[in-house]
Amino acid sequence: MITTSELVKTLYLGDRACKRVTIDGWHKRLTIEVDKISRIRNPSGQWDFYSDEDIIDGLIVFEGLSSFEFAPQGFVPSDWIEFVRIDEICEKSPVKPHFRATLSLGAVDEQGNAKELTLTVCATSLHLEDQTRPGVKITE
């Protein structure tokens, strides 16, 4: 099992777009749909256009959600997505989050004006999902 930070390092999201953010309060999940998620498998840490594991309309899923925040408020994410930082914040516990993820998301309006949003998510786990294989958690 790899850590959240290690999983994030295997994601290539350059030139990709955030299509949807869904918050499920009953199940304590926040899901981000990305037009395509690629994986970085080269030991150098470079993407190198590897596409064998691409996930079209892939999901980045945060579970055990305890909080999230968009800043600034009032804008709708609709463009770029990038992980900025993962901070481990406590020991694993069923009631406390154990990491804080900070993401940069783009919001572009009808006139083409772009605004950077910061999404901060506190949760207990992170995985990927391929919508063609419902219920399968991709964790490595």
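For a label point 7 angstrom out from the Cα of Arg41 toward its Cβ, which stretches of the range 52-68 have the backbone nitrogen within less than 17 Å?
Inside the label zone: 52-56.
Using r as the Cβ-Cβ distance of Asp57 and Ile89, and R0 as 41 Å, what FRET efficiency do you calculate, to the nearest 0.05? Please list the in-between numbers first.
Numbers: r = 30 Å, r/R0 = 0.74.
Computed FRET efficiency for Asp57 and Ile89 comes out at 0.85.
Considering Cα pairs under 8 angstrom that are at least six residues apart, work out the relative contact order of the range 4-129 and quote it in whole percent.
Values: 307 pairs, mean separation 32.0, N = 126.
Averaging sequence separation for qualifying contacts and normalising by length gives 25 percent for the range 4-129.
Per 10 Å bin, what percent of the C-alpha pairs of the chain does each bin hold, from zero upward?
12, 43, 36, 10, 0
Can you order the peptides 5-12, 112-119, 58-65, 39-46 by their average number of other Cβ atoms within 10 Å per residue, highest first?
Working: 5-12: 17.0, 112-119: 13.8, 58-65: 21.6, 39-46: 11.5.
Most protected by this proxy first, the peptides run 58-65, 5-12, 112-119, 39-46.
Using the Cα centre as the reference, give the magnitude of the dipole from point charges on the C-beta atoms of the range 19-140 (Lys, Arg: +1; Asp, Glu: -1; all else neutral), rounded to the nearest 20 debye. Each step should come with its number before you reach the end.
Numbers: 14 positive and 21 negative charges, 88 e Å.
Using only the charged Cβ atoms, the result is roughly 420 debye.
If Lys and Arg each add +1 and Asp and Glu each add -1, what is the summed charge of the other residues whose beta carbon sits under 11 Å from the beta carbon of Ser5? Walk me through the intermediate numbers first.
Details: positive: Lys9, Arg85; negative: Glu6, Asp87, Glu88.
Its environment carries a net charge of -1.
Could you tally the net charge around Ala71, taking each other residue with its Cβ under 13 Å from the Cβ of Ala71, Lys/Arg +1 and Asp/Glu -1? All intermediate terms of the calculation are to be shown ahead of the outcome.
Working: positive: Lys115; negative: Glu69, Glu116.
Value of the local net charge: -1.
With an 8 Å cut-off on Cα pairs and a minimum separation of 6 or more residues, tell me the relative contact order of the range 94-140 in percent. Walk me through the intermediate numbers first.
Details: 59 pairs, mean separation 16.0, N = 47.
Result for the range 94-140 is 34 percent.
Each reported figure results from applying straightforward, stated rules to the coordinates on display, with no laboratory input. Computed from a predicted structure; not experimentally measured. Cβ: placed from backbone, ideal geometry, glycine included. Neighbour counts: every protein chain shown.
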